[in-house]
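See below for the structure under consideration.
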Amino acid sequence: MDIYFVRHGESTYNVNPLDDSIDCPLTTLGVEQSIKLKPCSYPNHYSLIICSPLRRCIDTIKLSKITCDHFEINDLFREIRSGSKSDLLNENEKNLFENEQEIKQRINQINSYLLEKKKLNIYSNILIVTHGDLIWNLTAYQIDDDLFGKWVENAQLLHWKKI
């Protein structure tokens, strides 16, 4: 089973980090990036798309031409919770912070979750629509005391791994 990532299109936070609403929308450019999202050498159709619950991810995949058999919104794939940089939280937002241990725990939960999907033997490929920081943490590897991950651009699609 092949696993792919796509990072959401440009958001208002990407343009202005002071606009740090947790569920910020796509910018006009982010909408254009999503519409133009072309898999190139990657599949255009997926057995399953798993999407972060944040609207910039949902809007990115809705606006794209990428199709799927099954669609799932899953909180495991939301942005790493690094706290809000301002006091501008909406009523339904909580200022949460995931420490290093909690991030590692979530990465392990994601890997276990994907292995469970594989055991179902009904998915040939999965696309995860998520955030740059989560992709970085999922792809990170350690050399000595340093971590190195894959940073992706807005609306960039890439193959992660085969499981």
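Quick notes on this one:
- Percent accessible area from carbon and sulfur atoms, the chain, protein chains only, probe 1.4 Å: 51
- Per-selection Rg to Rh, the chain - Cα, Kirkwood hydrodynamic radius: 0.96
- Antiparallel content of DSSP bridges confined to segment 2-162, in %, to 5: 40
- The slack between Lys38 and Asn121, meaning 0.36 nm per residue of separation minus the straight C-alpha distance, is 27.2 nm.
- Based on C-alpha pairs under 8 angstrom that are at least 6 apart in sequence, segment 2-162 has a relative contact order of 37 percent.
- For segment 2-162, the per residue solvent-accessible surface stands at 56 Å², with DNA, RNA and ligands left out and a 1.4 Å probe.
- Largest mean-square fluctuation among Ile110, Ile49, Ile135, in a Gaussian network model of the chain whose springs join Cα atoms under 10 Å apart, belongs to Ile110.
- Around the amide H of Gly9, modelled in the peptide plane, lie the amide H atoms of Thr60, Ala155, all under 5 Å away and 5 or more residues distant in sequence or on another chain.
- GluC sites (Glu not before Pro), loop per DSSP, at most 14 other Cβ atoms within 10 Å - longest free stretch of the chain: 1-90
- Pairs of lysine residues in segment 2-162 that meet both criteria, 8 or more places apart or on different chains and Cα atoms under 18 Å apart, total 14.
The values are calculated or read from the model by the stated rules, or taken from the named source; none is laboratory data. Quick caveat: nothing in here was measured; it's all calculated off a predicted structure. Virtual Cβ from ideal backbone geometry, glycine too; neighbours counted across all protein chains shown. These area figures cover heavy atoms from the full protein model, side chains too; ligands, DNA and RNA do not enter into them. Shrake-Rupley method; radii C 1.70, N 1.55, O 1.52, S 1.80 Å.
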